[in-house]
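Colleague: Can you read through this structure? Questions will come right after.
The values are calculated or read from the model by the stated rules, or taken from the named source; none is laboratory data. All values reported here derive from a predicted model rather than from experimental measurement. Here Cβ is always computed from backbone atoms with ideal geometry, including for glycine, and neighbour counts include all displayed protein chains.
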Amino acid sequence: MANVAIVGTQWGDEGKGKIVDLYTEKADIIARFQGGNNAGHTLVVKGRKTILHLIPSGILHDNKICIIGNGVVFDPAVFLQELDELREGNLLPPNTKLFISEKAHLIMPYHRSIDQAREARTSDKKIGTTGRGIGPAYEDKVSRTGIRVGHLYDEDLFIEMLRHSLEEKNFLLTHFFKEKPLDAKEIADQYLGYAQKIKPFVADTSLMLDQEIKRGKKVLFEGAQGCHLDIDHGTYPYVTSSNTVSANASCGTGVGPNAISKVVGICKAYTTRVGEGPFPTELNDAIGDHMQRVGQEFGATTGRKRRCGWLDMVLVRQAVRVSGINALAVTKLDVLTGLEKIKICVGYKSPSGDYTHAAPASLKTLSECQPVYEEFDGWKEDILYAKEMNELPANARKYLKRLEELAEAKIILASVGPGREETIILEDPFLNRI
Ligand code: GDP
Ligand code: IMO
Ligand code: MG
């Protein structure tokens, strides 16, 4: 058995989509296990860019099974639109199958309205969410008032659940947020329409995974967001509403934790963040501008400019710890080309002079921490065409070596451009088990 989980080690957008697309060649099944269409995973194949929000990033390969697991919050309108776009672009391979867990919770129109109204109201405390209804959908799941994909196929039950939920949501929308109420009949008609369209994809995906794993099929679990957006382990409350760490690959798809044999952490060669929240190594200067411009750091979901800063190994080490990462894929190394000096944050210093390798849970303490840097000489050579480690300039290799030492996890891939072929592959994660 060799099943691999891919997770982000920072605040998302590490390049997970590119790596999942690349590793799909070695896998049989690609499964999303959490998040929803807050994710934006970019794939660049033969110069053509595809951004996936909900459909797993293995979809461009033929003869695969793509699964949207029970841990995902599922917006049927987004799913159908994404599917249409892939179809129109001639990007859907003939023998690849797509399935949605009957247990995935639906994102309803009131989830989006509440998400957006809450963000608009609390301008000084806003999270900077994607406005896709992710948080409110997970809230309903946990409060046991959510509606699952499977509920769509018992019409009476679906309408009853919708009316029950909407009564409370409309009260909140009208009385608290001063928004217009939503109409139950309109939503029911819309969602029952979606139900027919998505019916061929709905399945017991946990059972399917179990059967396929027993047949020796290889699974690639595709994480969304990143470790520091995790609801438990991230910079709370500036996080998303799901567990983004590798353990959720098990809960979010319905397989046991022992089904995951390797965890690959995706680590951008610098750090970015979209939305609000602390960012100790953030650069509001020409170097930050360089990273933003050269790295084309715009949100793949909302188009917002991403905040940029130096690589923070306190964050990456923590991700290695909480996700049990045993291999790293480092992305966007090419973006650092041309910088005179490059820094890595190796620890934080508190105002009292204490030195720490772990990010404090208190955001107040974190905001008082100063990053401690190691400085490296940069390189000027174009590295876009490097296929082997020894084709990289010595200074780029030194940078990666130090990153590897600090992470205490082996680098098995270095990405030097957005395309599939712009990659230095050192090890196949499905072959070498740790
Ligand atoms: P994800 O959410 O983790 O899948 O990452 P995104 O797709 O949101 O953001 C990563 C961006 O970087 C995308 O535009 C990718 O095409 C691009 N990208 C990925 N790897 C590399 C790389 O090695 N170099 C460069 N220049 N761009 C990359
Ligand atoms: P991928 O999978 C980067 C951020 C939002 C916001 C916070 C909460 O592409 O890496 P939400 O809408 O989830 O309630 O927003 O989380 N966020 C992401 N940032 N990449 C993502 O996904 C993100 N998904 C959510 O910007 O700060
Ligand atoms: Mg993204």
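Colleague: Only one of 293, 317 is out of contact with any strand residue (DSSP E or B) (no Cβ under 6 Å at 6 or more places or on another chain) and closer than 22 Å to residue 234 by Cβ. Can you tell me which?
Modeller: Exactly one residue qualifies, and that residue is 317.
Colleague: Sticking with this one: Before we move on, is residue 123 among the hydroxyl-bearing types (Ser, Thr, Tyr), free of Cβ contacts under 8 Å to residues at least 40 places away in the same chain and not assigned by TED's automatic domain parsing to the domain that holds residue 77?
Modeller: Answer is yes for this residue.
Colleague: For residues that are small (Gly, Ala, Ser) and not in a loop (DSSP other than H, G, I, E, B), scanning just the stretch 324-335, find the one that is farthest from residue 374 (Cα to Cα).
Modeller: Filtering the stretch 324-335 for residues that are small (Gly, Ala, Ser) and not in a loop (DSSP other than H, G, I, E, B), the one farthest from residue 374 (Cα to Cα) comes out as 327.
Colleague: Related question: Confirm whether residue 15 is within 14 Å of ligand 2 (Cβ to nearest atom) and over 18 Å from residue 83 (Cβ atoms).
Modeller: yes
Colleague: State all residues of the stretch 247-280 that are away from ligand 2 (no atom under 16 Å from the Cβ) and not in a loop (DSSP other than H, G, I, E, B); if no residue qualifies, say none.
Modeller: 250, 251, 257, 258, 259, 262, 263
Colleague: Consider only pairs whose beta carbons are under 6 Å apart and that are at least six residues apart or on different chains; among these, list those whose first residue lies in the stretch 225-240 and is at positive phi and in a loop (DSSP other than H, G, I, E, B) and whose second residue is β-branched (Val, Ile, Thr) and crowded, with 20+ Cβ neighbours inside 10 Å.
Modeller: From residues that are at positive phi and in a loop (DSSP other than H, G, I, E, B), the pairs are 225/240; 225/244.
Colleague: All but one of (1) closer than 17 Å to residue 51 by Cβ; (2) among the aliphatic types (A, V, I, L, M); (3) in contact with a helix residue (DSSP H, G or I) (Cβ under 9 Å, 6 or more places away or on another chain) hold for residue 107; which doesn't?
Modeller: Every listed condition holds for residue 107 apart from (1).
Colleague: Let me ask something additional. Would you mind stating whether residue 360 is touching a helix residue (DSSP H, G or I) at 6+ places or on another chain (Cβ under 8 Å), within 16 Å of ligand 2 (Cβ to nearest atom), under 23 Å from residue 231 (Cβ atoms) and in a loop (DSSP other than H, G, I, E, B)?
Modeller: Answer is no for this residue.
Colleague: Restricting the search to the stretch 179-222, which residues are more than 14 Å from residue 159 (Cα to Cα), in a helix (DSSP H, G or I) and β-branched (Val, Ile, Thr)?
Modeller: 198, 205, 213
Colleague: Tally the residues that are part of a strand (DSSP E or B), of a type outside the set (A, V, I, L, M, F, W, C) and surrounded by fewer than 19 Cβ atoms within 10 Å (Cβ to Cβ), restricting the search to the stretch 281-323.
Modeller: The total comes to 2.
Colleague: Please go through the stretch 28-59 and pick out each residue that is crowded, with 20+ Cβ neighbours inside 10 Å, more than 13 Å from ligand 3 (Cβ to nearest atom) and either farther than 21 Å from residue 198 by Cβ or of a type in the set (A, V, I, L, M, F, W, C) (or both).
Modeller: Result: 29, 30, 31, 33, 55, 59.
Colleague: Which numbered condition in (1) out of contact with any Cys (no Cβ under 9 Å at 6 or more places or on another chain); (2) away from ligand 2 (no atom under 16 Å from the Cβ) is the only one that residue 288 fails?
Modeller: Residue 288 satisfies every listed condition except (1).
Colleague: Among residues belonging to the stretch 336-357 that are part of a loop (DSSP other than H, G, I, E, B) and within 27 Å of the chain's Cα centre (by Cα), point out the one that is surrounded by the fewest Cβ atoms within 10 Å (Cβ to Cβ).
Modeller: 357
Colleague: Select, from 293, 306, the only residue that is of a type in the set (Lys, Arg), modelled with pLDDT of 95 or more and away from ligand 3 (no atom under 16 Å from the Cβ).
Modeller: 293
Colleague: So, in the stretch 188-224, exactly how many residues are free of Cβ contacts under 8 Å to residues at least 40 places away in the same chain and touching a Phe, Trp or Tyr at 6+ places or on another chain (Cβ under 9 Å)?
Modeller: 1
Colleague: Would you call residue 175 in the same structural domain as residue 280 (by TED's automatic domain parsing), part of a helix (DSSP H, G or I) and modelled with pLDDT of 95 or more?
Modeller: No; evaluated as a whole, the condition is false for this residue.
Colleague: Where in the stretch 1-119 are there strands (runs of 3 or more DSSP E), lying wholly inside it, with at least 2 residues that are within 13 Å of ligand 1 (Cβ to nearest atom) and closer than 20 Å to residue 299 by Cβ?
Modeller: Ranges flagged: 4-8, 41-45, 48-52.
Colleague: Would you please list the contacts, defined by Cβ atoms under 9 Å and residues six or more apart or on different chains, that run from a residue in the stretch 394-412 that is aromatic (Phe, Trp, Tyr) to a residue that is part of a loop (DSSP other than H, G, I, E, B)?
Modeller: 399/269; 399/378; 399/379
Colleague: Of everything in the stretch 120-139, what is among the aliphatic types (A, V, I, L, M) and either buried (at least 18 other Cβ atoms within 10 Å of the Cβ) or part of a loop (DSSP other than H, G, I, E, B) (or both)? Give them in sequence order.
Modeller: 127, 134, 137
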